[in-house]
Amino acid sequence: MEDPREHGTQPLDTLMESWGITNHQLVNSSTEQLNHKQVQRARKGRQLTLPMMQKVCRAFNISIWNSLDKEQKEIYFEYMHRHLFSYAKGHESEWVDPNVDLFPKK
């Protein structure tokens, strides 16, 4: 029997890879109590509560914000939890990320 609380790899995982952010960086960027286990669960699709999704989202935005220069900060689109989690209310699977041009060049 399939567990309804498991949603598979989340958009958060892909975005973290695109931005070059590790679980450790996300935990360190958080101004709230966020741990590595929570980040791993978020990336792998274990269903989180709305407050936990928002906490992960805030840490994600802070982590990115700290890596941007002044000009990039002016055009940065702040992510919402519905952009990071496929099971969040309001998630649009066809959403196009407006920050693609800001991704670090590899």
**Request:** Please work out which one of (1) surrounded by fewer than 18 Cβ atoms within 10 Å (Cβ to Cβ); (2) at pLDDT 95 or above; (3) farther than 18 Å from Ser30 by Cα is the condition Met80 fails and give its number.
**Result:** (3)
**Item:** Residues (surrounded by 11 or more Cβ atoms within 10 Å (Cβ to Cβ) and either among the hydroxyl-bearing types (Ser, Thr, Tyr) or not in a helix (DSSP H, G or I) (or both)) located in region 7-27
**Value:** His7, Thr9, Gln10, Thr14, Ser18, Gly20, Ile21, Thr22
**Complete:** Filtering region 5-44 down to residues that are over 12 Å from the mean Cα position of the chain (by Cα) and touching a residue at least 40 places away in the same chain (Cβ under 8 Å) yields Arg5, Glu6, His7, Gly8
**Request:** Within region 63-76, track down each residue that is surrounded by fewer than 17 Cβ atoms within 10 Å (Cβ to Cβ) and either within 14 Å of Leu34 (Cβ to Cβ) or over 13 Å from the mean Cα position of the chain (by Cα) (or both).
**Result:** Asn66, Ser67, Leu68, Asp69, Lys70, Glu71, Gln72, Lys73, Glu74, Ile75, Tyr76
**Prompt:** Do we find that Gln54 is surrounded by 15 or more Cβ atoms within 10 Å (Cβ to Cβ), part of a helix (DSSP H, G or I), in contact with a helix residue (DSSP H, G or I) (Cβ under 6 Å, 6 or more places away or on another chain) and of a type in the set (S, T, N, Q) in this structure?
**Reply:** yes
**Message:** Taking the condition of being assigned to a helix (DSSP H, G or I) and not charged (D, E, K, R), how many residues in region 28-40 meet it?
**Reply:** 6
**Message:** Can you say whether Tyr79 is assigned to a loop (DSSP other than H, G, I, E, B) and within 10 Å of the chain's Cα centre (by Cα), as far as the supplied structure shows?
**Reply:** yes
**Message:** Taking the condition of being farther than 18 Å from Lys89 by Cβ and modelled with pLDDT of 95 or more, how many residues in region 33-59 meet it?
**Reply:** 11
**Complete:** Counted residues in region 28-40 being of a type outside the set (Val, Ile, Thr) and surrounded by 16 or more Cβ atoms within 10 Å (Cβ to Cβ) come to 4
**Asked** Just wondering, is there one or more residues in region 82-103 that are assigned to a helix (DSSP H, G or I), free of Cβ contacts under 8 Å to residues at least 40 places away in the same chain, under 20 Å from Arg5 (Cα atoms) and out of contact with any Gly (no Cβ under 8 Å at 6 or more places or on another chain)?
**Response** no
**Request:** Just name the residue that is farthest from the chain's Cα centre (by Cα) out of those in region 83-105 that are surrounded by fewer than 10 Cβ atoms within 10 Å (Cβ to Cβ), under 17 Å from Ser18 (Cβ atoms) and among the charged types (D, E, K, R).
**Result:** Lys105
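The values are calculated or read from the model by the stated rules, or taken from the named source; none is laboratory data. Predicted model, so just to flag it, every value in this text is computed and none were measured. As a convention, Cβ positions derive from the backbone with ideal geometry for all residues, glycine included, and neighbour counts pool all protein chains shown.
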